Amino acid sequence: MRILQILFRVPYPVYDGGAIAMNNMMKGLQANDVDLTVLSYNTSKHYVDPSEIKNQFPSIKAFHTVDIDNRVKPVHAFLNLFTSHSYHVSRFR
């Protein structure tokens with residue numbers, strides 16, 4: 001079976017509950033002979049060098065990342081007050 005796992009950030013280093021849960025899910029899928037491909041945001045807050053990712057997860061068929069700058073920018077946050085959109089959502093568009 002082939003599975004695409006979509007993550008909200010790279011689950012490395014494993015130092016919090018979210019990363020532990022994502023790693024355990026990947027291990028569980030691989031233990032059941034799943035052909036696993038992972039797609040993950042690589043956020044500015046939790047940025048991981050792509051070469052480290054390949055070293056940490058060698059048995060995953062493919063690990064793709066999308067770099068995203070999710071820092072809060074004061075000027076953009078202020079200007080967003082004059083729109084009808086959520087600033088937290090607009091940061092990820």
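The values are calculated or read from the model by the stated rules, or taken from the named source; none is laboratory data. As the structure is a prediction and not an experimental result, all values here were calculated from the model. Note that we place each Cβ from the backbone using ideal geometry, even for glycine, and neighbour counts take in every protein chain shown. Accessible surface is based on the protein model in full, side chains and every heavy atom, while ligands, DNA and RNA are left aside. Shrake-Rupley method; radii C 1.70, N 1.55, O 1.52, S 1.80 Å.
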>> Within 10 Å of each candidate Cβ there may be at most 13 other Cβ atoms; applying that plus a DSSP loop requirement, which chymotrypsin sites (Phe, Trp or Tyr not before Pro) in segment 51-93 survive?
In response: 82, 92
> Once you wrap a convex hull around the alpha carbon atoms of segment 12-87, what is its projected area averaged over all directions, in nm²?
Replying inline: 6.7
> At a 1.4 Å probe, what is the % contribution of carbon and sulfur to the accessible area of segment 1-81?
Replying inline: 59
> In Å², what does the accessible area per residue of the chain work out to with a 1.4 Å probe?
Replying inline: 69
> aspartates and glutamates within cross-link reach of residue 54: Cα-Cα under 17 Å, excluding same-chain residues under 8 positions apart?
Replying inline: 35, 67
> Which residues' amide hydrogens lie under 5 Å from the amide hydrogen of residue 7, considering only partners 5 or more residues apart or on another chain, with H built in the peptide plane?
Replying inline: 39, 40, 41
>> Once you keep just the Cα pairs under 8 angstrom separated by 6 or more residues, what percentage relative contact order results for the chain?
In response: 27
>> Whole-Hz ³J(HN,Hα) for each residue in segment 19-27, computed from phi via Karplus 6.51 cos²θ - 1.76 cosθ + 1.60 with θ = phi - 60°, x for glycine and proline: what do you get?
In response: 5, 4, 4, 5, 5, 5, 5, 4, 4
> For segment 36-67 and segment 1-21, what is the separation of their Cα centres, given in Å?
Replying inline: 9
>> For a quick check of understanding: with a 1.4 angstrom probe and all protein chains in place, what accessible area in square angstrom does residue 33 have, to the nearest ten?
In response: 130
